[in-house]
1. If you place +1 on the Cβ of every Lys and Arg, -1 on the Cβ of every Asp and Glu, and leave all else neutral, what size is the dipole of segment 1-147 about its Cα centre, to the nearest 20 Debye?
2. With unit charges on the beta carbons (Lys and Arg positive, Asp and Glu negative) and the dipole taken about the Cα centre of segment 180-304, which residue among Met279, Gln183, Pro203 sits farthest to the positive side?
3. Quick one: which residues, 5 or more positions from Val132 or on another chain, have an amide H under 5 Å from its amide H? H modelled 1.01 Å from N in the peptide plane, none for Pro or chain starts.
4. With every protein chain present, what is the per residue accessible area of segment 175-270 (1.4 Å probe, Å²)?
5. Output the Cα-based Rg and Dmax of segment 226-301 in Å, rounding Rg to one decimal and Dmax to a whole number.
6. Placing +1 on the Cβ of each Lys and Arg and -1 on the Cβ of each Asp and Glu in segment 116-162, which of Ile130, Leu140, Phe159 has its Cα farthest towards the positive end of the resulting dipole?
7. From the square roots a ≥ b ≥ c of the eigenvalues of the alpha-carbon gyration tensor of segment 10-162, which class results: rounded (a/c under 1.5), prolate (a/b over b/c), or oblate?
8. Treating the beta-carbon of each Lys and Arg as +1 and of each Asp and Glu as -1, no other charges, what is the dipole magnitude of the chain about its Cα centre, to the nearest 20 debye?
Amino acid sequence: MTGVLVMAYGGPDSLDDVEPYIMDVRGHRPTAPGVIHEMRERYALIGGRSPILELTRAQASAIEAHLQDGGTPCNAYVGMRHWHPFIRDTLRDMREAGVQRAVGVVMAPHESRMSVGAYYGSVSEADSGIEVRGIRSWHLMPEYIGTIVELIDEGLERFPEAERHGVELILTAHSLPSRIVEQGDPYPVQMAETFGAVSRRLPGLRTHFAYQSAAMTREPWLGPDVGELLEDLARQGRERFLIAPVGFTCEHVEILYDIDVELKSLADRLGVRLERIEMMNDHPRMTGGLARLVREEIDRAGWS
């Protein structure tokens, strides 16, 4: 039997889960109580939990439905890298359900050894006996680019029509340590390619790219930082901004807090207007594209 393993980062289901979740993210290294307290405060401000599990399950269900409609019946399962259901536990459940082979889909479009690579590392460590063929990146998938452009067009409608020409569009993605550039990691290159593909679909709109959500460490992280870019553009007299977090596919703390709370607060202090596009979540175009990639991977493997 063939299945689909849909993977995402994970997030706490309650404020009580924040500490064990953060400890898992940090590999159970000693962590200052202040870090745990700050993260608990962030989750308290966004409802006391992360919605990533139910949103990823909705994405998996949509991919499964597209596959069924296209004549490729496969059950889709959800595994999380840093919280329940962990990837290893999902693979065990898949094995018990009779799944012998699976296509892996990480709900992060851009490949990096530190992100997508770590997901497939978790798959290997599980040693489930299931043959998993992984989709490593989908940063230029036409359905992904098209969904972003559609959501940007809808986001621009939040501004009066006479003001839309003056909106600054900022595409963002999760920052990673700068050392990955020297290591030849594909992440920065793929981010630039996504930015180029989206920008070409939006002629006449001023577009920028920035990283967000750098971790609280002493080493340098990829930039420019979105907050610093916002400040710089505001100093130049720019007054209207639309944020498009293209490196993410659904709402979680990096969106609901880092953008909707922290970046919005900065915009208010700067006296500028900042809006954010809706996230892709289980958008039918995007999930349909992923189902197409899964089907193509199944055909390449000769599993059909």
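1. Once rounded to the nearest 20, the dipole reads 340 debye.
2. So the residue furthest toward the plus end is Pro203.
3. Those qualifying (amide H under 5 Å, at least 5 residues apart or on another chain) are Ala102.
4. 48 Å²
5. That works out to 17.1, 55 Å for Rg and Dmax.
6. The one lying farthest along the dipole's positive direction is Ile130.
7. oblate
8. Value, rounded to 20: 500 debye.
The values are calculated or read from the model by the stated rules, or taken from the named source; none is laboratory data. The model shown is predicted, which means the values in this text are computed figures rather than measured ones. Cβ coordinates were reconstructed from backbone atoms using ideal geometry, including for glycine residues, and neighbour counts include every protein chain displayed. These accessible areas exclude ligands, DNA and RNA; they are computed on the full protein's heavy atoms, side chains included. Shrake-Rupley method; radii C 1.70, N 1.55, O 1.52, S 1.80 Å.
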